[in-house]
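Note sheet for the following structure.
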Amino acid sequence: MARILALDFGKVRTGIAITDELQLIASGLTTIETKDLISFLEQYTQKESVERFVVGLPKQMDNTASESEVLIQGFLNKLKARFPSIPVERQDERFTSKMAFQSMLDSGMKKKKRRDKALVDEISATLILQAYLNRF
């Protein structure tokens with residue numbers, strides 16, 4: 001079985017999470033500068049089999065799209081053009097950043113480490129992926 005790769009897309013940085021080959025467990029992989037994301041995904045998919053991409057869907061509390069959705073749509077067009085054989089699905093990402101920060105607190109992580117925005121993005125991607133896996 002191939003892996004599922006999730007993205008917490010951001011203007012500056014994008015958190016990335018991946019499943020195991022059995023698609024049971026979501027784990028944080030890394031955080032990449034968004035300008036380097038397509039290149040990273042090209043390299044990663046050459047080494048690992050990826051069945052699908054899951055991209056966070058940012059929504060407002062009233063269920064309307066957030067401002068960042070415009071940026072995400074541009075990225076999705078590039079992603080689908082570069083990887084036409086890999087389907088892309090979306091997963092609601094409301095509260096993932098808050099949940100990521102709370103999980104860092106709950107795990108006893110030191111204040112200095114909690115300030116690491118890249119780590120928050122990676123944990124957020126993991127939460128997006130786990131929420132996607134829980135849908136099935």
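A short reminder: the numbers here are calculations on the coordinates, not readings from a lab. This structure is a prediction, so every number in the text was calculated from the model and none was measured. Virtual Cβ from ideal backbone geometry, glycine too; neighbours counted across all protein chains shown.
Of LYS35/LYS59; LYS35/LYS117; LYS59/LYS80, which sit over 19 Å apart, Cα to Cα?
LYS35/LYS59; LYS59/LYS80
Going Cα to Cα from LYS11, which aspartates and glutamates come in below 13 Å? Please leave out same-chain ones fewer than 8 positions away.
GLU33, ASP36, GLU67, GLU69, ASP121
What FRET efficiency would be calculated for the residue pair ILE25, ALA65, taking the C-beta separation as r and a Förster radius of 25 Å, to the nearest 0.05?
According to the calculation, E is roughly 0.25.
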